[in-house]
1. Say we look at region 337-388 and pick out the residues that are free of Cβ contacts under 8 Å to residues at least 12 places away in the same chain and within 30 Å of I459 (Cβ to Cβ); which of these is surrounded by the fewest Cβ atoms within 10 Å (Cβ to Cβ)?
2. Being polar (S, T, N, Q), more than 30 Å from G319 (Cβ to Cβ) and touching an Asp or Glu at 6+ places or on another chain (Cβ under 9 Å) narrows it down to one of T393, T399, so name that one.
3. Going by the conditions given, is L108 more than 21 Å from D428 (Cα to Cα) and surrounded by 13 or more Cβ atoms within 10 Å (Cβ to Cβ)?
4. Checking the structure you have, find out if any residue of region 373-393 is in contact with a Ser or Thr (Cβ under 9 Å, 6 or more places away or on another chain), in a strand (DSSP E or B) and closer than 30 Å to Y324 by Cβ.
5. Quick check, is F302 within 25 Å of V368 (Cα to Cα), touching a residue at least 12 places away in the same chain (Cβ under 8 Å), of a type outside the set (S, T, N, Q) and surrounded by 12 or more Cβ atoms within 10 Å (Cβ to Cβ)?
6. Just checking, which of I570, I559 is surrounded by 11 or more Cβ atoms within 10 Å (Cβ to Cβ) and either of a type in the set (V, I, T) or assigned by TED's automatic domain parsing to the domain that holds L198 (or both)?
7. Can you tell me which of (1) in contact with a helix residue (DSSP H, G or I) (Cβ under 7 Å, 6 or more places away or on another chain); (2) at pLDDT 95 or above; (3) part of a strand (DSSP E or B); (4) not charged (D, E, K, R) is the one A523 doesn't meet?
Amino acid sequence: MLQDIRDKSQGIVVKIIVGFIVVTFALFGVDALVQSFSASEKVAEVDGVDITRTQMLQGAETQRRQLISMMGGQVNPALLEDNVLQRRALDELVQRVVLANQASGLGLGVSDAQVDAYLLQAEQFQTNGQFDQNKYLNFIRSLGFTPLAFKERIKQDVLIQQPRNAIAGSEFVLPYQVESISTLQTQKRSYDYVSFSLADESENTSVTDEELKAYYEANKANFKTPEQVKVNYVAISTADFYDRVSVTDAELQNAYQASIASLAQEERSASHILIDTSERSDEEAKARLDEVQGKLDSGVDFADLAADYSDDIGSKNDGGHLGYVEKGTIDQAFDDALFSMQKGEVKSVKSQFGYHLIKVDDISKPDVPSFASQAAELKQALLEDKARDALLTAHEDITDLAYASDKLDAIAEEYGVDVLQSAYFGRDGGSDEITGNPSVIAAAFNTTVLEDRQNSDLIELDDNQVVVIHLNDYKAEAFQSYEETKEQVTSIVVQNKAVESLRAKAEAAKGSASTAWTSINDAQRGQDEMTSLAFSLPHPDGEPVVEIKGLSDGDLALIRLNTVDVGSDIVPEDQKLAYERYLNQTQATLSSQGQEDFLKNHAKIER
């Protein structure tokens, strides 16, 4: 599989490099060589604590996976570029070291038992209220951590959270602050407005070629064709492994048994008469049971006998009816008897509660599908699982093949797929599944692919498909001609002229006696966009405040604020509590951020 590497390892250049390493070992020893490599590992130092390149790269990879997990195909590809991720990862690592040093300086600590307790109680690692080891391992693998590294990360998280909690816990809100928020929220405003339609004005606005050309020349830098790439790629999916995996009859049978085991169990509707032995001797209880059995044999109704003789106060007045019962829900002896009986049969049995006279009212059996009806579906599911595992196992081999060659042919041949070609796309991505994927876009414009013309690393599109890409062609950013941009320029110039015209009309309307105002009285905060604009105006001081404001659809509004009612409505206590919580959280966030900024500004940081 790695024949290309082996072939290239025979070259004279490789032999020279190997010879250099041998001489270095001989003359300076192992320590000198190791130190020369490890020295370049440090990318920053914070108060004497080193941050390594490995930590930065792992942090960048974790951020990349988190962004993709949270935002999927909506993530901006620019956020996935290596330099952006590495810069953010380094900033985060610096901040974590600063906070960890603070916690250590305060004598704080976290035990392994605390970390274990935290992980066991975390909801994201639970299934049906119980810790799920598989869910836990899948989660940390998705972030690129080993179990030990993840526990260390959590330990540090808990440690640095302690000072934050202390700061947040020390915050408090005074009554006047809550009252101020309440007053602002209950404020009402009365205003008049006139709206001016941009769409109507644009229809009546004309422009000349001279105006269009003048705008184009003045703003030529805004009219560019962005850089674009075309890539070759191989896409390998679980479907490509179907012919490499197989399902045995034993596996199929096991899957069938597992599937029917999850179905509802057989249930039996039962009634009983309990003769309690806690306050009777065994002989007395058996004598009473025989008496009941005799009356039942003589034709007395079971429900009537339950009402007269049963010691089960929960069922005696309902004819002894227990409802539908699954096996294993009552006493073992009761279960064994109940599930060995036929419908309508009556049998006596002794349990830990006493003697029972049991009657089977009904039997409900689950509708279990046959093996034949499920075999095809189960086989396909098993094939998909095995193919997915095979693809995951092949990740390393695919990565090796991508690294060993500067083409995609070896990968395509190994996995029986074609080398495909994309259309041109820019940094905002293409329209198909491959070129629209943020990870593919980021890889396409990465230095390795774009400048070095090498294959990309393996890119996971999802659990069922991976791709490797290679640059096919590159188009640099270029200016568009006037002819190419004329339609766009026309739209911009027309809109700009229309806005200027509307603003002139709005200014003229300020002092006109014929202006047709629309009046709004006692408007409440946030009820609509026009009211929100009215609440952005300063309080009137003797005379109304008149201003021109822009609306979200491009229209203009002339707003005249007449009065402001400072708010006299009584605010419910639960609303005041909500305001108090909001203020408390806001102050805690600001205080924590201020403390972190202070620590960072006073730390000795070398990058």
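1. Across region 337-388, the extreme among qualifying residues is Q380.
2. Residue meeting the stated conditions: T399.
3. yes
4. no
5. When the stated conditions are applied, F302 does not pass them.
6. I559
7. All conditions pass for A523, except number (2).
Every residue, every condition in (1) closer than 23 Å to E61 by Cβ; (2) surrounded by 17 or more Cβ atoms within 10 Å (Cβ to Cβ); (3) free of Cβ contacts under 8 Å to residues at least 12 places away in the same chain; (4) of a type outside the set (V, I, T), yes or no:
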position	(1), (2), (3), (4)
L471	yes, yes, no, yes
E477	no, no, no, yes
Q480	no, no, no, yes
E483	no, no, yes, yes
E487	no, no, yes, yes
T490	no, no, no, no
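The values are calculated or read from the model by the stated rules, or taken from the named source; none is laboratory data. Values in this document were obtained by computation on a predicted structure and should not be read as measured data. Neighbour counts are summed over all protein chains in view; Cβ atoms, including those assigned to glycine, are modelled from backbone coordinates with ideal geometry.
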